[in-house]
Every structure is written in C-alpha cells, then in structure tokens.
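Step one of this worksheet: look at the structure below.
The values are calculated or read from the model by the stated rules, or taken from the named source; none is laboratory data. Not measured: the values here are computed from a predicted model. Cβ placement follows ideal geometry from the backbone for every residue including glycine, while neighbour counts extend to all protein chains displayed.
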C-alpha cells in the first residue's frame, strides 16, 4: 500500500433491504469500488440489479461520479460525510 493512501470510513445503506454496511476503504478507491464492496458477502450480501443507483444519503445521484476516488469526492465536496445509499429502480404506480 502506498504511504499516501488513507483509510476512510464509509457507510452504505440499501434502501431495498434497509440494511447498512460500514467499512473502511482507501481514499484512492473509486466510488464504483465502494459500491461493489458494499454489495459483497462480508457487507450487505446483495446483488446489483438493473436500475439500481448509488447516491448520497441526501439524494444526489452519483452515477456520473462512479469513476471518481473518495479523495476526489472530498476535494469536490461531494457527499462529505461519506454516507451513501443504494436505491432500487423506481416502479410505476399500478392502476
């Protein structure tokens, strides 16, 4: 591990199950890596489905930021508390 990598604690809540995962990951990890780690068997143990989105706990969609590292997000002041959500696809109302 490079000496300039720092561990950051992140929290990822699945809005599909209500479960929350908290873990530490290097600040050089991309947001996609955070999402993948959160879905893993040691965390939420979920499968990513078509239509799932990754977002800030305040609702900001992070699709455009998935290739950004946690360090970049901190510099850009995006999701500064590192609390994220996995939201399932929106369904239409059934008549």
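Note down all Cβ pairs under 9 Å where the first residue falls in the stretch 64-76 and is at negative phi, the second is surrounded by fewer than 11 Cβ atoms within 10 Å (Cβ to Cβ) and outside any helix (DSSP H, G or I), and they're at least six residues apart or on different chains.
73/80; 74/80
Give 41, 13 a once-over and let me know the one that is surrounded by 13 or more Cβ atoms within 10 Å (Cβ to Cβ) and either within 12 Å of the chain's Cα centre (by Cα) or farther than 18 Å from residue 68 by Cα (or both).
None of the other options fit; the residue is 13.
Give me the residue from the stretch 56-65 that is under 15 Å from residue 11 (Cβ atoms) and in contact with a strand residue (DSSP E or B) (Cβ under 7 Å, 6 or more places away or on another chain) and, out of that set, surrounded by the fewest Cβ atoms within 10 Å (Cβ to Cβ).
Among residues in the stretch 56-65 that are under 15 Å from residue 11 (Cβ atoms) and in contact with a strand residue (DSSP E or B) (Cβ under 7 Å, 6 or more places away or on another chain), the one surrounded by the fewest Cβ atoms within 10 Å (Cβ to Cβ) is 57.
Quick grid of which residues meet (1) modelled with pLDDT of 95 or more; (2) in contact with a strand residue (DSSP E or B) (Cβ under 9 Å, 6 or more places away or on another chain):
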residue: 35; (1), (2): yes, yes
residue: 38; (1), (2): yes, yes
residue: 50; (1), (2): no, no
residue: 54; (1), (2): yes, yes
residue: 67; (1), (2): yes, yes
residue: 83; (1), (2): yes, yes
residue: 86; (1), (2): yes, yes
residue: 89; (1), (2): no, yes
